[in-house]
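The values are calculated or read from the model by the stated rules, or taken from the named source; none is laboratory data. Not measured: the values here are computed from a predicted model. Backbone-built Cβ (ideal geometry, glycine too); neighbour counts: all protein chains shown. For accessibility, only protein heavy atoms count, side chains too; no ligands or nucleic acids. Shrake-Rupley method; radii C 1.70, N 1.55, O 1.52, S 1.80 Å.
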Amino acid sequence: VHPDYSDMMHGSAEELIPVPGVVYVGVDYGLQPAAAFAQKQADGQWWVFDEIVNEDGDAETLAGQIKARCAEWDARVQAIRPGAAMAYSFKGDPSGDNRVQTDRNTPGTIMRLNGVPITGASSNDPVIRRAALDRPLTRTVKGKPGILFSRRCRVLRKGLVGGFNYKRVAVDGGEGKYRDVPDKNKYSHVCEALEYGLMDAGEHAIVNPVAPQARPQRSVQKAMDWSPLSV
């Protein structure tokens, strides 16, 4: 889905530690709810430093996990910089606030009732959502990639390197064809969570248009000694 991702270029062999400031947390609901944590650095580079991925869960469980993870990062940052303040902005799939006739509690409502003040992202247009991640993937910041992924983000990185994809279907004549929407699997939810988080954090292609930039050249050197794909 995001062919411009290169684990050699965008993947960090080290854990990325956020700095005092705003953290954007994107959330995707469903039976495999997920969250992605990102922060924009002073030089404009994005750091995606953590993820939460559930094989099976619900909004209430995810809310508890998000609160615990935020508390963990608050403690780690304050241990480095005593008194440092962290702030969190939570954005989720806007369909998470759609009611059904059999239940007035939506995933978004459940999250808020459990202490996560989440709001729906400004759009669910797949083109805009994909672009929110493609923009930093194809951007350079002072010669560096526009976005880096921590070694903690194993599922995200595996998803972006190919796990988050368009399913191939067979057609008459033996030629391959791909679906118009990504395959729903264990990688898709956290990748889409990141798209939601970035979209309203300055990467909305319509609200925040920017002039196109030249795409960074991919390295042809051998893969890093450490790779999350080999673990």
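Which of (1) surrounded by fewer than 14 Cβ atoms within 10 Å (Cβ to Cβ); (2) of a type in the set (G, A, S); (3) within 25 Å of G146 (Cβ to Cβ) does A35 not meet, given it meets every other one?
Only one criterion is unmet by A35, namely (1).
Of all residues in the range 117-128, which are of a type in the set (G, A, S) and either in a loop (DSSP other than H, G, I, E, B) or in contact (Cβ under 8 Å) with a residue 40 or more places away in the chain (or both)?
The answer is A121, S122, S123.
If only one of G146, G108, G96 is in contact with a helix residue (DSSP H, G or I) (Cβ under 7 Å, 6 or more places away or on another chain), at pLDDT 95 or above and open to solvent by less than 20 Å² (accessible area, probe 1.4 Å), which one is it?
None of the other options fit; the residue is G146.
Could you give me the residue pairs with C-beta distances under 6 Å whose first residue belongs to the range 135-147 and is touching a residue at least 40 places away in the same chain (Cβ under 8 Å), whose second residue is among the aromatic types (F, W, Y) wherever it lies, and which are 6+ apart or on separate chains?
P136/W46; L137/Y5; I147/W46
When only residues in the range 129-149 that are under 16 Å from S6 (Cα atoms) and in a loop (DSSP other than H, G, I, E, B) count, which is farthest from the chain's Cα centre (by Cα)?
My answer is G143.
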